[in-house]
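Data first, discussion second: the structure below is written as structure tokens.
Throughout, read-outs are computed from the coordinates displayed, never taken from laboratory work. Just so you know, these numbers come straight off a predicted model, no measurement behind them. All Cβ positions, even for glycine, are placed from backbone atoms using ideal geometry, and neighbour counts span all protein chains on display.
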Amino acid sequence: MTKFKTKKIDFGTYQAYSYRDFIIMNDVQFYNTPAVWVVKMQNNKEVYSNGNSTKRECMEWIDGYYQDMNDFLNSSQFIND
């Protein structure tokens, strides 16, 4: 999948991981409900959630985000502007 690793971080009572420059966090903390993973920026602004995503799907979204940004920065449209 990717060469980057997640690192467990202290985010209060939430189960959270640092991955690249984002935070992947379980937004539901009840024992009788399934986990709902979301992606947040370092300033706690949520940038991705689809309601029932998994931690792996969040990691794939972040990898896709970086790939899209890399493609844009290397595009001729960006270079010519």
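Structure data summary
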{"read-out": "Three semi-axes of the equivalent ellipsoid, the chain, Cα gyration tensor, whole Å, largest first", "value": "28, 12, 12"}
{"read-out": "0 to 90° range, to nearest 10: angle between helix 55-73 axis and the chain longest Cα axis", "value": "20"}
{"read-out": "Unit charges at the beta carbon, dipole of the chain: most positive-side option, Val38, Phe11, Phe72", "value": "Phe11"}
{"read-out": "Two-site label geometry, Asp10 and Met69: point separation in nm, points 7 Å out along Cα→Cβ", "value": "2.7"}
{"read-out": "Charge dipole magnitude, Cβ of K and R +1, D and E -1 - the chain, Cα centre, debye nearest 20", "value": "420"}
{"read-out": "Value at 222 nm in deg cm²/dmol, rounded to 500, when DSSP H runs of n ≥ 4 in the chain each add -39,500 (n - 2.57)", "value": "-9000 deg cm²/dmol"}
{"read-out": "Point-to-point label distance, Asn52-Asn26, nm (Cα→Cβ direction, 7 Å offset)", "value": "1.8"}
{"read-out": "Test item: Cα-centred dipole of segment 1-46, Lys/Arg +1 and Asp/Glu -1 on Cβ, debye", "value": "260"}
